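Let me begin by presenting the structure, written as structure tokens, before commenting on it.
Readers should treat all values here as calculations from the given coordinates under stated rules, not as data from a laboratory. Just so you know, these numbers come straight off a predicted model, no measurement behind them. Every residue, glycine as well, gets a Cβ built from its backbone with ideal geometry; the counts of neighbours run over all protein chains shown.
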Amino acid sequence: MDRTDQDMPTASLTTVAKLMDHELHTGSPSTTVLEAATMMTAGSVGSTLVMDGGRLVGIFTERDVVKALSQAPDALRDPIGRWMTPDPQTISPDGLPEEALRRMITGGFRHLPVIDGGKVVGMLSIRDLARGSL
Amino acid sequence: MADGEEVLTSLEEFVRERERERPGFRMLLEAAVRRQTLLHRLAERRRAIGMTQPQVASFMRTSQPAVARLEAGDGNPRFSTVERFAAAVGISIDWQLIESKSGAPIPPEPEEERRLGDLARKDSIQLTADTSLAAATQAMHAEANDVIVLETDGETAYGVVTSRETVRAVVEGRDLDQTPLSEVCRLVTVGAADPPDRAIELMLEHDLHRVPVIDEESRPVGMVWMADLMAMVMQVGTDGSD
């Protein structure tokens with residue numbers, strides 16, 4: 001029998017690599033909340049990868065801006081290192097969309113940094129999965 | 001005790017009743033049971049020969065969770081998938097054609113149509129348009145949700161405010177206490193009778209993750225979540241979490 005990728009179960013004809021955003025929006029732990037908010041607005045994205053040197057140390061999202069402002073009046077001048085989610089879950093570029101979605105739903109988040117051999121190569125959002133499903 | 005028999009009797013009654021409403025129900029039910037039994041037996045075979053789910057997954061060129069779902073008998077796997085599962089555990093499947101008793105074709109189960117009214121989460125934040133963005137931001141954080149914006153009459157819903165509005169407002173240097181939701185609200189809603197695809201399209205178009213669902217009189221029904229719709233579309237279990 002001719003076995004092609006087309007008879008994969010669970011309808012995965014694609015991988016994370018094909019759906020992810022290759023453009024990286026990054027900051028460092030000392031980037032301020034206002035700077036990160038400005039970058040996210042300019043880039044029309046919902047998250048910032050927080051890098052220390054070449055290493056991913058956290059993720060800072062729009063929801064973290066909301067959290068920071070709800071809890072501290074002066075949060076806009078705070079470093080994002082204070083409000084980010086440290087050591088976020090990640091996924092590999094050859095991961096399956098179903099697995100990515102399962103992790104997002106279980107963890108209650110919308111972004112998964114894509115890591116290949118210890119290096120950040122992209123960002124996968126639940127929107128990327130939605131776009132891939134239509 | 002007769003308890004077991006009673007259960008069987010009521011099950012048999014249920015099947016008979018459904019068979020009256022929908023000829024062919026019994027046969028479809030039996031087919032579903034046979035399908036599950038087949039998958040469970042293949043799972044037993046895998047364990048008997050000492051293979052793990054990841055090993056089977058790598059033979060099938062799929063993921064371990066996909067094998068777990070297959071073994072659980074969830075969903076409706078393709079013929080070819082079941083055959084590859086069987087092959088991975090050293091089994092070949094013989095399909096047998098058996099004519100239905102009446103010889104008549106059995107109509108397929110009607111597709112269950114899910115509408116956004118059924119899919120909306122009812123635990124939503126609803127604030128009137130004159131509420132400050134500062135108050136809405138507090139609520140968004142406290143409830144981990146977006147805001148359904150109501151007309152000042154408090155009856156009808158007309159838009160949504162998300163963390164993106166808060167982020168934009170601070171970037172523009174606005175005072176959140178002095179910014180009413182009416183100034184930043186995005187005018188997006190979906191109807192309770194609309195199909196799920198409509199909400200996904202709107203979410204992609206407007207860069208939203210949740211959209212207010214309204215009834216015919218524009219009263220809010222709840223909030224539909226992209227995560228819920230995607231879990232349904234991609235047949236991924238949600239375990240009831242965010």
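Just order B:133-139, A:72-78 by mean Cβ neighbour count inside 10 Å, highest at the front, would you? Present the calculation step by step, with values, prior to reporting the outcome.
Numbers: B:133-139: 21.3, A:72-78: 13.4.
My ranking of the peptides, most packed first, is B:133-139, A:72-78.
Rounded to the nearest whole Å³, what is the per residue volume of the convex hull around the Cα atoms of region B:156-196? Before the final figure, lay out the partial values.
Working: hull volume 3.2 nm³, N = 41.
Dividing the Cα hull volume of region B:156-196 by its residue count gives 79 Å³.
I need the GluC sites (Glu not before Pro) found in region B:126-221, filtered to DSSP loop residues with at most 12 other beta carbons within 10 Å of theirs. Display every interim value, and only then the final one.
On the way: sites: B:Glu143, B:Glu151, B:Glu155, B:Glu165, B:Glu172, B:Glu183, B:Glu201, B:Glu205, B:Glu216, B:Glu217; in loops: B:Glu151, B:Glu155, B:Glu172, B:Glu216, B:Glu217.
Answer in residue order: B:Glu155, B:Glu172, B:Glu216, B:Glu217.
Nearest 0.05, what FRET efficiency do B:Ile98 and B:Leu38 give at R0 = 22 Å with Cβ-Cβ as r?
Numbers: r = 15 Å, r/R0 = 0.67.
With a Förster radius of 22 Å, E is 0.90.
Report, as an integer, the average count of C-beta atoms from other chains found within 10 Å of each Cβ along B:158-169.
Partner Cβ neighbours, averaged per residue: 4.
Out of B:Val149, B:Ala66, A:Pro88, whose Cα points farthest toward the positive end of the dipole of the protein assembly as shown (charges: +1 Lys, Arg; -1 Asp, Glu; placed on Cβ)?
B:Ala66
Taking only the C-alpha atoms, wrap a convex hull around the protein assembly as shown and report its volume per residue in Å³ as a whole number. Mind showing how you got there, number by number?
Numbers: hull volume 74.7 nm³, N = 376.
Cα-based convex hull of the protein assembly as shown, divided per residue, equals 199 Å³.
Where does chain B land on the Kirkwood hydrodynamic radius, alpha-carbon pairs, in angstrom?
Working: mean 1/r = 0.0448 Å⁻¹.
Result for chain B, one decimal place: 22.3 Å.
Roughly how many nanometres apart are two label points built 7 Å out from the Cα toward the Cβ at B:Glu201 and B:Gln55?
4.9
For region B:121-129, take each phi angle, set θ = phi - 60°, evaluate the Karplus expression 6.51 cos²θ - 1.76 cosθ + 1.60, and give the result in whole Hz per residue in order, putting x for glycine and proline.
In residue order, the calculated couplings are 7, 7, 7, 10, 8, 10, 10, 6, 5 Hz.
Compute the semi-axes of the equivalent ellipsoid of region A:50-118, taking the square root of 5 times each eigenvalue of the Cα gyration tensor, and list them largest first in whole Å. Provide the component values of the computation, followed by the final result.
Details: eigenvalues 133, 50, 8 Å².
Calculated on Cα positions only, the semi-axes equal 26, 16, 6 Å.
Roughly how many debye, to the nearest 20, is the charge dipole of chain A about its Cα centre, given +1 on each Lys and Arg Cβ, -1 on each Asp and Glu Cβ, and no other charges?
Values: 13 positive and 17 negative charges, 60 e Å.
Roughly 280 debye for chain A.
Tally Lys and Arg at +1 and Asp and Glu at -1 over the other residues with C-beta under 13 Å from the C-beta of B:Thr128: what net charge comes out?
Values: positive: none; negative: B:Asp130, B:Glu151, B:Asp153, B:Glu155.
Local charge sum for B:Thr128: -4.
Given the protein assembly as shown, what percent of its DSSP beta bridges are antiparallel, to the nearest 5? Each step should come with its number before you reach the end.
Working: 28 of 37 bridges.
So the antiparallel bridges amount to about 75 percent of the total.
Once region B:132-205 is represented by equal point scatterers at the alpha-carbon sites, with solvent omitted, what log10 I(q)/I(0) does the Debye formula produce at q = 0.22 Å⁻¹?
-1.04
How much FRET efficiency would the formula 1/(1 + (r/R0)^6) give for B:Ala72 and B:Asp123, where r is the Cβ-Cβ distance and R0 is 30 Å, rounded to 0.05?
Working: r = 29 Å, r/R0 = 0.98.
The computed FRET efficiency comes out at 0.55.
Zone of A:Thr15 (label point 7 Å along Cα→Cβ, backbone N under 14 Å): which residues in region A:71-97?
A:91-97, by backbone N distance to the label point.
If r is the Cβ-Cβ distance from B:Gln138 to B:Gln64 and R0 is 56 Å, what FRET efficiency results, to the nearest 0.05? List each step's numbers first, then the result.
Numbers: r = 42 Å, r/R0 = 0.75.
Computed FRET efficiency for B:Gln138 and B:Gln64: 0.85.
Translational diffusion coefficient of chain A at 4 °C, 1.567 mPa s, Stokes-Einstein with Kirkwood Rh over Cα pairs, in µm²/s as a whole number.
Numbers: Rh = 15.7 Å.
So the translational diffusion coefficient is about 83 µm²/s.
Enumerate the amide H contacts of A:Asp116 below 5 Å, restricted to partners 5 or more residues apart or on another chain; note that Pro and chain-start residues carry no placed amide H.
When sequence neighbours closer than 5 places are left aside, the close amide H contacts are A:Val121.
Would you please name the GluC sites (Glu not before Pro) within region B:24-101 that are DSSP coil residues with at most 16 other C-beta atoms within 10 Å of their C-beta? Let's see the in-between values first.
Values: sites: B:Glu30, B:Glu44, B:Glu71, B:Glu83, B:Glu99; in loops: B:Glu99.
Sparse-neighbourhood loop GluC sites (Glu not before Pro): B:Glu99.
Nothing charged except the Cβ atoms of Lys and Arg (+1) and of Asp and Glu (-1): what's the magnitude of the dipole of the protein assembly as shown about its Cα centre? Round to the nearest 20 debye. All intermediate terms of the calculation are to be shown ahead of the outcome.
Values: 40 positive and 60 negative charges, 294 e Å.
Computed about the Cα centre, the dipole is about 1420 debye.
Quick one: which residues, 5 or more positions from B:Arg121 or on another chain, have an amide H under 5 Å from its amide H? H modelled 1.01 Å from N in the peptide plane, none for Pro or chain starts.
HN-HN under 5 Å from B:Arg121: B:Met223, B:Val224, B:Trp225.
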